[in-house]
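The values are calculated or read from the model by the stated rules, or taken from the named source; none is laboratory data. Owing to the predicted nature of the structure, the values given are computational and were not obtained by experimental measurement. Counting neighbours? That spans all protein chains shown, and the Cβs are built from the backbone with ideal geometry, glycine included. Ligands, DNA and RNA are excluded from the accessible area calculation, which covers all protein heavy atoms including side chains. Shrake-Rupley method; radii C 1.70, N 1.55, O 1.52, S 1.80 Å.
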Amino acid sequence: KFGVGGIHNEDPLLVLHGVNKSAVFEGGIEANQNLYIIGLSMLLTEQFFRLIDEYIIFPLLLAILLLMLLRAFTKNRFKVTQALILVRWILLGYALLNLVFFVFGLIIDPDNSAFINRATGPYKIAYWLMLFCALILHFSLLIKKLAAKPIYLLIIAILIKVGWYFERFVIIVTS
């Protein structure tokens, strides 16, 4: 790729992972090809989660509030209950995808010092709250008695948002 004026632009994935581009093109491509593929797959996965967050998960809080209002003021509660069950399974599916992505990241880069530093460093409370709200709390929706209550879905959706803000806080402050 060439930029303005013929100046060679760096590949963002190689720069992101600190790979020397000259080493890649001087015969070290086999060693760095796996790193490039892993970086590309992680980047695509992050973009996929960003799209899911923006267009499906973020509006769920308003959808749950609207469904609670409909349930309170309408006679046909059966369809509202079905919609709440759909919201519950969307949240559970998202939690499962998040958990798989988290474990996948730990497997790909096992000596990731950022995980250890964040989990045991000065911001460990924020990190563990983030993990609890973003990964573990969703699975309480598997308990039918809790998941049947719309107010519990609303509380879970609010705590998920709190987990996202803790995630941003942890990433920005510890980076």
Two-decimal Rg to Rh for the range 70-123 - Kirkwood Rh, Cα set:
1.35
Rounded to the nearest percent, how much of the accessible area of the range 115-175 (1.4 Å probe, protein heavy atoms only) is carbon and sulfur?
75
Net charge over other residues, Cβ less than 12 angstrom from the Cβ of Ile155 (K, R count +1; D, E count -1):
+2
Between Leu86 and Ile158, how many nm apart are label points set 7 Å from Cα along the C-beta direction?
2.5
Charge dipole (debye, nearest 20) of the range 34-175; +1 at Cβ of Lys and Arg, -1 at Cβ of Asp and Glu:
960
Heavy-atom accessible area per residue - the range 73-149, 1.4 Å, Å²:
66
